[in-house]
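The block underneath contains the structure these notes are about, expressed in structure tokens.
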Amino acid sequence: MNRSVLNTMSTETASSDLTVNPLEHLQVTLNPDGTLNRDRRIIPVTSAAPNPTSPTSPVLSKDLPINPSHNTWARIFLPHRSPSFSEEKLPLIVYYHGGGFILWSAASTLFHEFCVTLARELSAVVVSVEYRLAPEHRLPAAYDDAVEALHWVKTAREEWLAGHADLSACYLMGTSSGGNLAFHAGLRASASHGNLEPLKIRGLILHHPYFGGTQRTPSELRLANDLSLPLSVNDFMWELSLPLGATRDHAYCNPTVDGGSKLSDGVDKMRSLGWRLLVTGCDGDPLIDRQVELAKMLQEKGAIVVRDFREGGRHGIEVREPDKIKPLVQTVKAFLSTT
């Protein structure tokens, strides 16, 4: 796989005049056996903060195992509004972190702080899911973990969930590849929604969702050497994440191929369940054309879609630059209040 990936990257680079080396950009190395070396020293992590007596913890957090055999777990974030807590049940957001399916963690400081802000500003319980990464575990492993986390939530007897989360007001949310995860987990969950009771999903929140395709879009070409998500890095992450032999027109990557015909049943089911979908993005993101196309396809199939596309910005800006998160919080708050 190592040689195949590098050959693919070389071809893409030559044809698209790309200048960014994905290995250097991500500071990773590929091993001959197809695994990836990730430099843990450059990815800051934050420990959970479960102590309710701490006066500096507006949001508490704790880690709990989901499937020890897969080393998957969840970090729960709970707004700490008073020493005794409120008896009012709060909306539940199941969140999937980004990283192109190959990097990062629910414990990564960027995503930890993002979830703290979501829990505090939205007055919601947030369950951030640690899922298996590619290339060691190619898709659909992450989708399997995403759905397994939902079944774990519905049966968990954990006090923060049982005492404070409203399981009948659940939303799936993800950033970048996590947005892709939320979408595909939603498709699966809609097909077996009865098996998730008492968990009731109300909608999906796709934050700068990560999708692709074999044909370059104008925004991908315009931002080919973008600092946040260069096209060569995008190619590299998809090459490591998709099932061996799959092209980027596989439904995991490109849900709009053939007009979204492969996903019609799932979209129809979400529509029939009354789910609403929020798709957010910005025109400084190379993936903006993909996101707009997805929202359009979903609307054409009758899904209830809220579109929030802004000028400027960059991929995942609200995670990378926390001072820019206020407009997103306002959009998500309005979305939650109308579902």
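The values are calculated or read from the model by the stated rules, or taken from the named source; none is laboratory data. Everything numeric in this text was worked out from a predicted model, so none of it was measured. Heads up, the Cβs are rebuilt from the backbone with ideal geometry, glycines too, and the neighbour counts pull from every protein chain shown. Only protein heavy atoms, including side chains, enter the accessible area calculation; ligands, DNA and RNA are left aside. Shrake-Rupley method; radii C 1.70, N 1.55, O 1.52, S 1.80 Å.
Quick rundown of the values:
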{"quantity": "Percent of alpha-carbon pairs separated by more than 22 Å within segment 174-288", "calculated": "36"}
{"quantity": "Residues whose placed amide H lies under 5 Å from that of residue 72, excluding near-sequence neighbours", "calculated": "66, 67"}
{"quantity": "Highest to lowest packing among 162-170, 250-258, 177-185, scored as the average C-beta count within 10 Å", "calculated": "177-185, 250-258, 162-170"}
{"quantity": "Sulfur and carbon atoms: percent of accessible area, segment 111-262 [1.4 Å]", "calculated": "50"}
{"quantity": "For the chain: accessible area per residue (Å², 1.4 Å)", "calculated": "41"}
{"quantity": "FRET E, pair residue 197, residue 41, Förster distance 45 Å, beta-carbon r, rounded to 0.05", "calculated": "0.55"}
{"quantity": "Listed residue (57, 96, 163) projecting farthest to the positive dipole end of the chain, Cβ model", "calculated": "163"}
{"quantity": "Choice from 174, 281, 99 with maximal GNM fluctuation in the chain (Cα, 10 Å cutoff)", "calculated": "99"}
{"quantity": "Cα principal axis extents for the chain, largest first, Å", "calculated": "61, 46, 39"}
{"quantity": "Acute angle (nearest 10 degrees) that the helix 326-337 long axis makes with the longest principal axis of the chain, alpha-carbon atoms", "calculated": "60"}
{"quantity": "Greater than 28 Å apart at Cα, pairs in 296/324; 262/324; 62/301; 296/326; 269/296; 296/333", "calculated": "262/324; 62/301"}
{"quantity": "Magnitude of the charge dipole, segment 181-255, Cβ model with Lys/Arg +1 and Asp/Glu -1, debye to 20", "calculated": "260"}
{"quantity": "Euclidean distance between Cα centres, segment 113-179 to segment 228-255, Å", "calculated": "23"}
{"quantity": "Size of charge dipole - segment 59-132 - debye, nearest 20, with Cβ of Lys, Arg +1 and Asp, Glu -1, no other charges", "calculated": "80"}
{"quantity": "Calculated P(r) tail over 22 Å for segment 101-218, as whole % of Cα pairs", "calculated": "35"}
{"quantity": "Listed residue (34, 336, 280) projecting farthest to the positive dipole end of the chain, Cβ model", "calculated": "336"}
{"quantity": "Furthest towards positive pole of dipole, 252, 309, 237, structure part the chain, Cβ charges", "calculated": "309"}
{"quantity": "Estimated vicinal HN-Hα couplings, Hz - segment 210-221 in sequence order (Karplus 6.51, -1.76, 1.60; Gly, Pro = x)", "calculated": "9, 9, x, x, 6, 8, 5, 9, x, 5, 5, 6"}
{"quantity": "Cβ charges +1 (Lys, Arg) and -1 (Asp, Glu), total dipole of the chain, debye", "calculated": "580"}
